[in-house]
Amino acid sequence: MGKFTQYNIVYDANNNELSTTYKGWNGTFFQNIFQDVYTYDANNNQTSDVFQLWSGTAWVNSSGYIYMYDGNNNLISQLSQNWNGTSWDNYDLSTYSYDANKNFISEIYQLWNDLDGTWDNSNRYSATYDANNNQLTYKYQNWNATILDWEDTGLYTNTYDANNNQITQLFQYWDATKWVNYSNSISTYNAGNDLTNVLFQDWNVTNWENSARGTYTYNGNHQVLKVLI
């Protein structure tokens, strides 16, 4: 923010941010420009965010989000809407699910179809975990409206050591028939489980080629002293 810009923040009794108002200096006084207004539920989860523009005399709605949560306070949906002058129009919707350990396992992203008045699938993201809640895979998929099914796009596969440190991350893309290697990273750790080296590799059709490396050094308190990339 420049010296001729001001923003004011209002909080509730639980230190939740209720509104943020941005103002600009017009040569005489700070004039309203735009603001975000937030609401929360009894568990202090944010339930809405409305973005408003200053018309010169009043605040006018522009866009907004509505958030919903499950009994474990996990975010289960995020609805985006735009103001049309008299009411809210749906724009996009993300729906989330979780496992019994509150790990994220899927997101379905949809776009609003004004003609049909329905939600159209667009993208899906899904994850799997091991018994220690380490994320093993993270998959990207796109919706194929012709065959009415999800098509694979990209996949991350992670491995871990006995201390639950991530030691490899493989990224592959789907070529319509199989998963194809694209990139890989290999991480090593010291006895204190501090990350010491990361080796980045690219796939050249037949084998892995090193592309970059990061090296980290620490003090006795496990604080990073030096990073070489």
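Read-outs throughout are calculated quantities, based only on the coordinates presented, and are distinct from any laboratory measurement. Computed from a predicted model, the values in this text were never measured in an experiment. Cβ sites come from the backbone with ideal geometry, for glycine too, and all protein chains shown count toward neighbours.
Per-structure values
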| quantity | calculated |
| --- | --- |
| Over the stretch 1-121: Rg over Rh, Cα atoms, Kirkwood Rh | 1.06 |
| Shape box of the stretch 107-229 [Cα atoms, principal axes, largest first, Å] | 62, 35, 27 |
| Computed lengthening from TYR189 to TYR22, 0.36 nm per intervening residue step minus Cα-Cα distance | 55.6 nm |
| Cα-centre dipole for the stretch 107-229 with unit charges at Cβ (Lys and Arg positive, Asp and Glu negative), debye to 20 | 580 |
| Given the chain, longest segment not containing exposed loop trypsin sites (Lys or Arg not before Pro) (DSSP; at most 10 other Cβ within 10 Å) | 4-177 |
| Rh (Kirkwood; distinct C-alpha pairs) - the chain, Å | 22.2 |
| Dipole magnitude of the chain, debye to nearest 20 (Cβ charges: Lys/Arg +1, Asp/Glu -1, about Cα centre) | 840 |
| Förster radius 35 Å - calculated FRET efficiency between ALA162 and ALA42 (Cβ-Cβ, nearest 0.05) | 0.25 |
| Those chymotrypsin sites (Phe, Trp or Tyr not before Pro) in the stretch 25-110 that DSSP places in a loop and that have at most 13 other beta carbons within 10 Å | PHE29 |
| Net charge contributed by nearby residues that have their C-beta within less than 15 Å of LEU53 (K/R +1, D/E -1) | -1 |
| THR5/PHE51 FRET efficiency (R0 25 Å; Cβ-Cβ; nearest 0.05) | 0.90 |
